[in-house]
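**Q** Shown below is the structure under consideration.
The values are calculated or read from the model by the stated rules, or taken from the named source; none is laboratory data. Given the structure is predicted, the values throughout are model-derived calculations rather than measurements. Neighbour counts run over all protein chains shown; Cβ positions are idealised from the backbone, glycine included. When the accessible area is computed, the model is the full protein with side chains, heavy atoms only, and any ligands, DNA or RNA have been set aside. Shrake-Rupley method; radii C 1.70, N 1.55, O 1.52, S 1.80 Å.
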Amino acid sequence: MINSKISGVGYFVPDNVIKNSDLEKMMNTSDQWIQERTGIQERRWVKDKTLSTSLMGTYAAQEAILDSGISKEEIDFIIFSTLSPDYYFPGSGVLLQRNLNIKEIGALDVRNQCSGFIYGLSIADQYIKSGMYKNILVVGSEIHSGGLDKTPRGRSVSVIFGDGAGAAIVSATKKNEGILSTHLHSEGKFAEELALIKPATTFWIDKIIEDNNEDGTGYSPVMNGNFVFKNAVIRFEEVIYEALDFSNLKPDDISLLIPHQANLRISQYIQKRLGLTDSQVYNNIMKYGNTTAASIPIALKEALNENKLKKGDILCLAAFGSGFTWASALIKW
Ligand code: UT7
């Protein structure tokens with residue numbers, strides 16, 4: 001029986017720190033409001049315009065490759081999760097293949113927003129368990145800052161999001177360890193509750209030229225924050241229990257829960273619902289804001305750097321976001 005495990009993790013965030021006090025100067029907001037509602041103190045926004053989503057993903061991938069001890073030539077497949085690709089097409093996976101200067105392996109882009117990293121992990125898990133591949137590079141990378149409305153109109157969305165990238169190598173193992181299960185869900189009827197509507201094939205170049213923004217969606221994300229929040233707390237709990245039930249485990253058995261870093265209040269609510277202690281839940285949204293597909297691998301790498309996981313521990317990953325999509329993974333470290 002072949003199992004799949006995370007054999008290496010890496011991350012990259014741009015140097016440029018944007019504190020809440022910096023946002024106070026751009027839009028009608030306050031450090032107090034942002035901290036009370038989200039827990040965020042600062043985030044990274046790219047300043048160096050030579051940085052791209054694929055390049056940040058490359059830096060994170062290089063660290064993950066080094067961490068896993070494999071050579072880059074041993075990577076069999078690339079999975080790249082992002083909602084902020086370099087180009088509308090081609091996807092960012094092929095750009096990562098080019099940046100890494102590796103052989104012509106397959107590269108797949110995943111479009112599942114905040115759940116993108118776990119979706120990617122799930123695909124990698126299945127390819128490895130089937131015996132098709134031995135080492136898969138899974139990347140989540142986002143540059144949100146270029147697409148955010150930084151005027152007062154955009155404050156309810158723009159204060160939340162940050163830029164960053166995270167990566168993991170998923171490798172085959174014959175030992176009784178690694179990914180126990182993954183669980184994926186979607187509910188497209190709420191697609192427009194958190195979305196970037198323009199530009200797209202429903203809003204193509206001729207419309208863009210004439211656009212007076214009468215529908216108010218602009219060219220930056222729109223979010224029905226309250227509605228997303230209410231759905232998030234329900235789905236997070238559901239999908240974590242789904243993963244635990246699959247392995248006949250209880251919340252108590254979780255050594256570490258890394259929730260997608262959407263809002264500290266969401267993480268705290270889930271922690272309370274599951275009856276977990278502070279040391280069982282890892283959060284770093286305070287430093288990076290919501291980095292969508294990158295948030296889980298960034299948090300995982302920081303948790304590892306802080307020795308929060310030891311061999312045999314049960315790690316739970318869970319995410320909810322635009323789509324709506326939500327997902328979980330349970331891993332025996
Ligand atoms: O990762 C993908 C999934 N995303 C999420 O899970 C996000 C889920 N939603 C949230 O995290 C929260 O809904 C937000 C943080 C986005 C907003 O927090 P909230 O507690 O739901 O606030 P609200 O939208 O109910 O707004 C409360 C007030 C409003 O003013 P009034 O109507 O009470 O006068 C807003 O206009 O706060 C106002 N407001 C702001 N004030 C200062 C909204 N944004 C800001 C802001 N600064 N940035």
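**Q** Please determine whether any residue of the range 136-150 is over 30 Å from Met27 (Cα atoms), out of contact with any Pro (no Cβ under 6 Å at 6 or more places or on another chain) and free of Cβ contacts under 8 Å to residues at least 12 places away in the same chain. Reasoning before the result, please.
**A** Going through the range 136-150, the residues over 30 Å from Met27 (Cα atoms) turn out to be 136-139.
Narrowing the set further to residues that are out of contact with any Pro (no Cβ under 6 Å at 6 or more places or on another chain) leaves 136-139.
After this cut, where a residue has to be free of Cβ contacts under 8 Å to residues at least 12 places away in the same chain as well, the list is none.
No: the range 136-150 contains no residue that is over 30 Å from Met27 (Cα atoms), out of contact with any Pro (no Cβ under 6 Å at 6 or more places or on another chain) and free of Cβ contacts under 8 Å to residues at least 12 places away in the same chain.
**Q** Quick test for you: out of Asn231, Asn212, Asn283, pick the one residue that is open to solvent by less than 50 Å² (accessible area, probe 1.4 Å) and part of a loop (DSSP other than H, G, I, E, B).
**A** Asn283
**Q** Give the residues of the range 67-106 that are over 19 Å from Phe12 (Cα atoms) and among the acidic types (Asp, Glu), sorted by residue number.
**A** Glu73, Glu74, Asp76, Glu104, listed by residue number.
**Q** Can you tell me which of Ser130, Ser141 is hydroxyl-bearing (Ser, Thr, Tyr) and within 16 Å of the ligand (Cβ to nearest atom)? Step through it out loud before you land on a result.
**A** Values: Ser130 fails: within 16 Å of the ligand (Cβ to nearest atom).
Residue meeting the stated conditions: Ser141.
**Q** Kindly list, by first and then second residue, each pair from a residue in the range 211-231 that is assigned by TED's automatic domain parsing to the domain that holds Ala195 to a residue that is open to solvent by 40 Å² or more (accessible area, probe 1.4 Å) and among the small types (Gly, Ala, Ser), limited to pairs with Cβ atoms under 9 Å and residues at least 6 apart or on different chains.
**A** Cβ pairs passing all conditions: Val222/Gly216; Met223/Ser156; Gly225/Ser156.
**Q** Go through the range 245-278 and report how many residues are away from the ligand (no atom under 16 Å from the Cβ), assigned to a helix (DSSP H, G or I) and in contact with a Ser or Thr (Cβ under 9 Å, 6 or more places away or on another chain).
**A** Number satisfying all stated conditions: 2.
**Q** Taking helices (runs of 4 or more DSSP H) that do not extend beyond the range 84-167, which have at least 3 residues that are of a type outside the set (S, T, N, Q)?
**A** Because the criterion is at least 3 residues that are of a type outside the set (S, T, N, Q), the helices (runs of 4 or more DSSP H) in the range 84-167 that meet it are 92-100, 116-129.
**Q** Something else about it: Report, by residue number, each residue of the range 265-278 that is open to solvent by less than 30 Å² (accessible area, probe 1.4 Å) and either aromatic (Phe, Trp, Tyr) or within 18 Å of Ile296 (Cα to Cα) (or both).
**A** Just the residues of the range 265-278 that are open to solvent by less than 30 Å² (accessible area, probe 1.4 Å), to begin with: 266-267, 270-271, 274, 276.
Within the range 265-278, Ile266, Ser267, Ile270, Gln271 qualify.
**Q** Take Phe203 and decide whether it is aromatic (Phe, Trp, Tyr), farther than 30 Å from Gly312 by Cα and within 16 Å of the ligand (Cβ to nearest atom).
**A** Here the answer is no, as Phe203 does not meet what is asked.
**Q** Considering the range 1-46 alone, what residues qualify as being away from the ligand (no atom under 13 Å from the Cβ) and at pLDDT below 95?
**A** The answer is Met1, and nothing else.
**Q** Turning to a different aspect of this structure: Need pairs with beta-carbon distance below 9 Å; first residue at positive phi and within the range 12-41, second open to solvent by 40 Å² or more (accessible area, probe 1.4 Å) and within 13 Å of the ligand (Cβ to nearest atom); sequence gap 6+ or separate chains.
**A** Close Cβ pairs satisfying both conditions: Gly39/Arg265; Gly39/Gln268.
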